[in-house]
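What follows is a set of notes on a single structure, which appears directly below.
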Amino acid sequence: MDRLACIQTFVRIVEMGNLSTVAKTLGTTQPTVSKQLAALEDDLGVRLLLRSTRSLVLTEEGERFYEHCHDILGAMAAAEASVKGNDEPAGQLRLNCSVAFGQRQIIPLLSKFLSEYPQVDVQLTLDDGFVNLWEQGVDVAIRIGGQRDRRLVERLIGTTRRITVARQTYLDRCGQPEMPQDLTKHECIVYTRLLTGNHWEYQGKGRLISTPVQGRVRVDSSVGVRAATLAGMGVALTPSWLFEPEEYDRDNPLRPLLPDYAPLSMPIHAVYVKQPYVPRRIHCLIDFLARAFQSHPDLAVPG
C-alpha cells in the first residue's frame, strides 16, 4: 500500500465529498479510489468514513485523522515549494460570498484577477448565509458584518457604506421620514440576516441612534431587499452599492433619505481556515480584493 497516496486520496474524498469526482480528478476509476480508502482504514484499524449510496460522513476518528492529514499535506506542499522555488500561485480557489455582493462587486473584479494569475482557477459560490468553510470546502469567504470564529483567520479588506432609501411612489403615499425615530411610523423592508436584528443604527447629531423598525415585508436576501425597494414597498437600509446611479434619476425615482444621519458602516472581512500552510493563491486573492476595495468610494476602509 502506498500510504501517502492513500492519505492524499482520503483528504480529497473529504474535501470533494464524492468518490467519482475524486476519481476523475486523479485520472483513475472509482473502484480504485474505494480500494485506497478501504486499505487505509484496514491499516489504521478504524472506520474513517460512513458510506451510503447518497452520502459520505466522517466518523469521529475520521475527523481527527483528516485534520492532521490536512496539516501534514499542507506542510509538505510548503516545504516542496520552498525547495523548488515554485512560488507561482496555481490551482483551484474556492470562493464564497453573498449573492448581491458577488454579482455587483466580486464577479466584475475576477476577470482582472484571473488575468494577473493565469494558473489559478476560481470556483465561486453565492450564498446569503454564513457557510461552514470546512463542510463546504471553501478556501476564502467574503463576509459583510461580523461573526467571529476562533478557528478562522479574519482580515479586514473593506467597509460597506450604507444608505436609507425608498421609492418616490412610497413616499407619496406615506410621507418622508426626517429623522431615524420617524421610521417607527413607516413600512420598513426588514433584512432578516442583519446582525442588529430589527434595529437600524445611525450616527447623527453627535450621538448613536438605534431605532426599532417593523414592516410587513421581511427578506433574507439583499437581492430581495433591492427588488422590494424598487417596487415601492417601503423604506430600506441597504449597502450604497446595491443600486445603480441611474436608478435615482427622473424615470426611476429612488430617493435617499435621512441625509443628516449616517447609517453605521459594516466591515468586510476575508476569512479562511487556520492552517500551517496557506496556499499563496489565497493570499494573492485577498490582497487583490483589498487593493480593489480601497480604490472604491463605497468600499474603502476609512484611513
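Observations
- Counting only strands (runs of 3 or more DSSP E) wholly contained in the range 224-303, the ones carrying 1 or more residues that are over 24 Å from the mean Cα position of the chain (by Cα) and more than 18 Å from Leu110 (Cα to Cα) occupy 254-257.
- The condition (being surrounded by 13 or more Cβ atoms within 10 Å (Cβ to Cβ), assigned to a loop (DSSP other than H, G, I, E, B) and of a type in the set (Val, Ile, Thr)) is satisfied by just one residue among Thr9, Thr28, Thr53, Thr21: Thr28.
- Selected residue (criterion: nearest to the chain's Cα centre (by Cα)) from residues of the range 104-126 that are part of a helix (DSSP H, G or I) and polar (S, T, N, Q): Gln105
- Hits in the range 224-267 (condition: within 22 Å of Asp182 (Cα to Cα) and among the aromatic types (Phe, Trp, Tyr)): Tyr261
- Entirely in the range 131-215, the strands (runs of 3 or more DSSP E) that have 1 or more residues that are surrounded by 12 or more Cβ atoms within 10 Å (Cβ to Cβ) and within 14 Å of the chain's Cα centre (by Cα): 140-144, 152-160
- Residue list for the range 278-303, filter: of a type in the set (Asp, Glu) and free of Cβ contacts under 8 Å to residues at least 12 places away in the same chain: Asp287
- Boolean, Gly146 is within 30 Å of Ser55 (Cβ to Cβ) and of a type in the set (Gly, Ala, Ser): no
- In the condition set (1) of a type outside the set (A, V, I, L, M, F, W, C); (2) touching a residue at least 24 places away in the same chain (Cβ under 8 Å); (3) part of a helix (DSSP H, G or I), Gln92 is compliant with all but (3).
- Inter-residue pairs, beta-carbon under 6 Å, first without any contact (Cβ under 8 Å) to a residue 24 or more places away in the chain and in the range 225-251, second outside any loop (DSSP other than H, G, I, E, B), 6+ apart: Glu247/Leu254; Tyr248/Leu254
- Here Arg143, Arg218, Arg162, Arg193 are screened, and the one residue that is among the basic types (Lys, Arg) and in contact with an Asp or Glu (Cβ under 7 Å, 6 or more places away or on another chain) is Arg193.
- Single condition Ala78 does not satisfy, out of (1) without any contact (Cβ under 8 Å) to a residue 60 or more places away in the chain; (2) out of contact with any Ser or Thr (no Cβ under 7 Å at 6 or more places or on another chain): (1)
- Residues satisfying the stated conditions in the range 128-167, i.e. closer than 24 Å to Pro279 by Cβ, among the aliphatic types (A, V, I, L, M) and modelled with pLDDT under 95: Val131, Leu133, Val138, Leu152, Val153
- Residue under evaluation Met179, criteria (1) in contact (Cβ under 8 Å) with a residue 24 or more places away in the chain; (2) within 27 Å of Ile268 (Cβ to Cβ), criterion not met: (2)
The values are calculated or read from the model by the stated rules, or taken from the named source; none is laboratory data. Please read these numbers as outputs of a predicted model, since none were measured by experiment. Glycine also receives a Cβ, built like all others from the backbone with ideal geometry; neighbour counts cover every protein chain displayed.
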